[in-house]
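Structure first, then comments.
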């Protein structure tokens, strides 16, 4: 779903230690000051971006790589403010703007604000016995995988409360459409357009290739019980938080519709970004 909203105040979030991002932030701040637009500046991860948002914030602009974009976006989900990005990373699939065009593009959207799009997130919980060990929300992916030991995990899968299969693999990846261009795609999972209301479940190196990737509607409740005695199985959220999982623990995942709002500046479409980042080659050449 897409739309457009008045811009309001801006929140500029800059990756700590990136000198080029800091210099571009100064350029943006100068432009906004000259035009009389209210804004705040926050350095991440020194400060919590959600706590630093102005009350009337209409846009969060992240100056960093995809990892910084994801970190800021997931911390600001409850504020329902659009998130856009200026790419200072290696891939920059989620950051639509570049250091070269961001000042001009942003200046052109100050009056009406950028178009916005809403995206699915993942709700997850890790349960141990009758208690809840770890829960939250992911905008990219939730990954259950083995650590240092080179042996398969034994995972019992349940869908909507009904037994599905017992899987032996290196783990499972639950991915949002936005996150599907990362670990999900690399592991042979589907590449999903960002606007889809669905999430993917992809096995990592399943034994005998016994599990094909699934694309599920958000309301599907997917549970994974860890039945492997190996001591080093981990749950990782958005590539940024990791917790060790014990035998008998149950991971529960399902999608949440329209939780993440992103800014669409019209600079590059989804398929154009796929070509630019090497996910497809024009003319069929690889």
Inset, instruction - Please find, in a Gaussian network model of the chain (springs between Cα atoms separated by less than 10 Å), the residue of 204, 165, 261 whose mean-square fluctuation is greatest. - result: 165
Legend entry - Convex hull per residue volume in Å³, alpha carbons only, for region 120-258: 97
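Can you give the relative contact order of region 120-258 as a percent, counting alpha carbon pairs under 8 Å and 6+ residues apart? The partial results should precede the final answer.
Working: 367 pairs, mean separation 43.9, N = 139.
Once normalised by length, the contact order is 32 percent.
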Inset, instruction - May I ask for the distance between the Cα centers of region 217-259 and region 21-72, given as a whole number of Å? - result: 32
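FRET efficiency for residue 107 and residue 244, Cβ-Cβ distance as r, R0 = 41 Å, nearest 0.05?
Here the calculated transfer efficiency is 0.30.
Tell me, what is the percent relative contact order of the chain, built from C-alpha pairs under 8 Å that lie six or more residues apart?
Computed over the chain, the figure is 19 percent.
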Inset, instruction - List the relative contact order of region 176-286 as a percent without decimals, with contacts defined as Cα pairs under 8 Å and 6+ residues apart. - result: 19
Legend entry - Kirkwood hydrodynamic radius (C-alpha pairs) into Stokes-Einstein, region 25-183, 37 °C and 0.692 mPa s, D in µm²/s: 179
Inset, instruction - Express in nm, to one decimal, how much length is gained between residue 91 and residue 212 on full extension, taking 0.36 nm for each residue of separation and deducting their alpha carbon distance. - result: 40.8 nm
Legend entry - Listed values [x] 62, 50, 34; [y] 49, 45, 35; [z] 58, 45, 45, entry calculated as Cα extents along the principal axes in Å: [x]
Legend entry - Label point at residue 191 placed 7 Å out along Cα→Cβ; residues across region 93-110 whose backbone nitrogen lies under 16 Å: 93-94
Inset, instruction - Just check region 1-96 against the gyration tensor rule for me: Cα atoms, a ≥ b ≥ c as the square roots of the eigenvalues, rounded for a/c under 1.5, and otherwise prolate or oblate depending on whether a/b exceeds b/c. - result: rounded
Legend entry - Degrees between helix 19-34 axis and first principal axis of the chain (Cα, 0 to 90, nearest 10): 50
Legend entry - FRET efficiency estimate (nearest 0.05) - Cβ-Cβ, residue 257 to residue 30, R0 51 angstrom: 0.85
Inset, instruction - Show me 187-196, 166-175 ranked by packing, highest mean number of other Cβ atoms within 10 Å first. - result: 166-175, 187-196
Legend entry - Angle in degrees between helix 66-75 and the longest Cα principal axis of the chain, rounded to the nearest 10: 90
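Read-outs throughout are calculated quantities, based only on the coordinates presented, and are distinct from any laboratory measurement. The shown structure was predicted, so the numbers you read here are calculated from the model rather than taken from an experiment. Note: ideal-geometry Cβ built from the backbone for every residue, glycine included; neighbour counts use all protein chains shown.
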